[in-house]
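Peer 1: Got a structure for you, written out below as structure tokens; questions coming shortly.
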Amino acid sequence: MRLDATLRGVPAEQVADFAARCEQAGFARLLSTETNNDPFLPLILAATATRRIELGTGVALALPRNPMQLAYTGWEIQGLTRGRFVLGLGSQVRAHIERRFGAQWDGPARRIRDFVAATRAIWTSWAEGSPLHYEGEIYRHTLMPPDFRPTPHGQPVPPILLAGVRERMIELAGEIADGLLVHPLQTPDYLRETVLPAIERGLAAAHAGSREGFELSVCLFTATTEQESEAVRRRIAFYASTPGYRHVLASHGWGELCDELHGLSRSGGWERMAALVPDELLDLVAVRATDAGALAAEISRRYDGLADRINLHAGARSDLRAWTELAACWHGGADTRSHGG
């Protein structure tokens, strides 16, 4: 397994230093979230301060954008990073797409499928210097005059990862993407019983013989202090209040709690939600330990053989101090860990 970090809640003026320190600590990849910020702008700042670490979105929302807009952005970042860019795409939930972004929600899996195909067609046209002619179910891109064609940068087309919670989107990732970004509201049992079988169905639909070349990246909450635990508890309460994620915890017997949290979110009771998340649920979703060494060992125990990558996810703001300690212990014991299959 490879260890990655999340860029979340870091002020713009601190991003370059944060990214440089992630690279120095030995993280393999840094993913920028789309929460209360644009996911791409921090990557430009990070690219100027790093040379080796992969930089990507974890995730950028596809549905409020169009493929051409995103293709230009991704092409520029891939050139700037000299081939270190990874595009992570997600659909979000209907309420956010319609009410926060004012965009259309109509069969997200169908739209994501066409979005990915269109983006790849645009990139391929630019990389090969070939005419652009993409006509899909939803998107149509058939105009690319020379003055609007980006300058070739000699880098490969970036890999595309999809985020998925529902089985249909996970299957779609197996069929059309280069990997899956698993939401932090997950458990090892959920990976074994739901995620991996869905990926296999998607790979079979694409007539792929094996999972080779397809990466499974698991977002993971971690904590070694009480303060970190409480930050994670608040994030779990927030995510569990969303009906689209209910099935993950319902499979472990926590469906009624999700309903109660959803009711509080609807009535404005955000401040009361975290107190309803017991330690038992916290330990089911997150990995907690008394120190970084024990934390690294517990992550390995739970996820070796399941995940290809572990992406450390923040409760609120990314805590590089704690993560650097974990990375040191992680790389110190790298020879004892197997790669995910």
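Peer 1: At 24 Å minimum axial length over the Cα atoms and a Kyte-Doolittle cut of -1.0, report the qualifying DSSP H helices in the chain, or say none.
Peer 2: 108-128
Peer 1: Two decimals, Cα atoms only, Kirkwood Rh: what is Rg/Rh over the chain?
Peer 2: 0.96
Peer 1: Sticking with this structure for a sec: Considering only VAL195, VAL116, VAL93, give the residue with the highest GNM mean-square fluctuation for the chain, with springs between Cα atoms whenever their separation is below 10 Å.
Peer 2: VAL93
Peer 1: Explain nothing, just the number: relative contact order of the stretch 116-261, from Cα pairs under 8 Å at least 6 residues apart, as a whole percent.
Peer 2: Once normalised by length, the contact order is 16 percent.
Peer 1: Could you go through the stretch 158-165 in sequence order and give the Karplus-derived ³J(HN,Hα) for each residue, using 6.51 cos²θ - 1.76 cosθ + 1.60 with θ = phi - 60°, rounded to whole Hz, and x for Gly and Pro?
Peer 2: Taking θ as phi minus 60°, the curve returns x, x, 10, 10, 10, 8, x, 10 Hz for the stretch 158-165.
Peer 1: May I ask you to order 263-270, 292-299 by the average number of other C-beta atoms within 10 Å around their residues, highest value first?
Peer 2: The densest-packed peptide leads the list: 292-299, 263-270.
Peer 1: For ARG2, list long-range residues whose amide hydrogen, built 1.01 Å from N in the peptide plane, is under 5 Å from its own amide hydrogen.
Peer 2: ARG309, ILE310
Peer 1: Also: Regarding the stretch 205-281, what's the average projected area of the Cα-atom convex hull, expressed in nm²?
Peer 2: 7.4 nm²
Peer 1: I would also like to ask the following. Evaluate the relative contact order of the chain (contact order divided by residue number), counting alpha-carbon pairs under 8 angstrom at least 6 apart; express in whole percent.
Peer 2: 18 percent
Peer 1: Further, regarding this structure: At a temperature of 25 °C and a viscosity of 0.890 mPa s, determine how fast the stretch 71-160 diffuses translationally according to Stokes-Einstein, using the Kirkwood radius over alpha-carbon pairs as Rh; express D in µm²/s, rounded to the nearest whole number.
Peer 2: Diffusion coefficient, whole number: 170 µm²/s.
Peer 1: How much FRET efficiency would the formula 1/(1 + (r/R0)^6) give for ARG140 and ASP189, where r is the Cβ-Cβ distance and R0 is 30 Å, rounded to 0.05?
Peer 2: Taking R0 as 30 Å, the efficiency between ARG140 and ASP189 is 0.10.
Peer 1: Counting only residues 5 or more places away or on other chains, whose amide H sits under 5 Å from the amide H of PHE85 once H atoms are built in the peptide plane?
Peer 2: Here LEU55 satisfy the definition.
Peer 1: Something else about it: Tell me the mean residue ellipticity at 222 nm calculated for the chain from its helices only (DSSP H runs of n ≥ 4, each -39500 (n - 2.57), averaged over every residue, nearest 500).
Peer 2: So the calculated ellipticity at 222 nm is -13000 deg cm²/dmol.
Peer 1: Work from the charge dipole of the stretch 225-287 (Cβ charges, +1 for Lys and Arg, -1 for Asp and Glu, about the Cα centre) and give the residue of GLN227, SER267, VAL248 farthest towards its positive end.
Peer 2: Farthest along the dipole direction, towards plus: SER267.
Peer 1: Hey, another quick one. Just to be sure I understand: of the beta bridges DSSP finds with both ends in the chain, what percent are antiparallel, rounded to 5?
Peer 2: DSSP beta bridges in the chain are roughly 5 percent antiparallel.
Peer 1: Ranking request for peptides 59-66, 246-253: highest mean number of other beta-carbon atoms within 10 Å first, then the rest in descending order.
Peer 2: Result, highest mean first: 59-66, 246-253.
Peer 1: Near the amide H of GLY179, under 5 Å away, which other amide H atoms are found, from residues 5 or more places off or on another chain, if H is placed in the peptide plane?
Peer 2: Sorted by chain and number, the residues that satisfy this are LEU162, GLU215.
A short reminder: the numbers here are calculations on the coordinates, not readings from a lab. Since we're looking at a predicted model, the values are computed, not measured. All Cβ positions, even for glycine, are placed from backbone atoms using ideal geometry, and neighbour counts span all protein chains on display.
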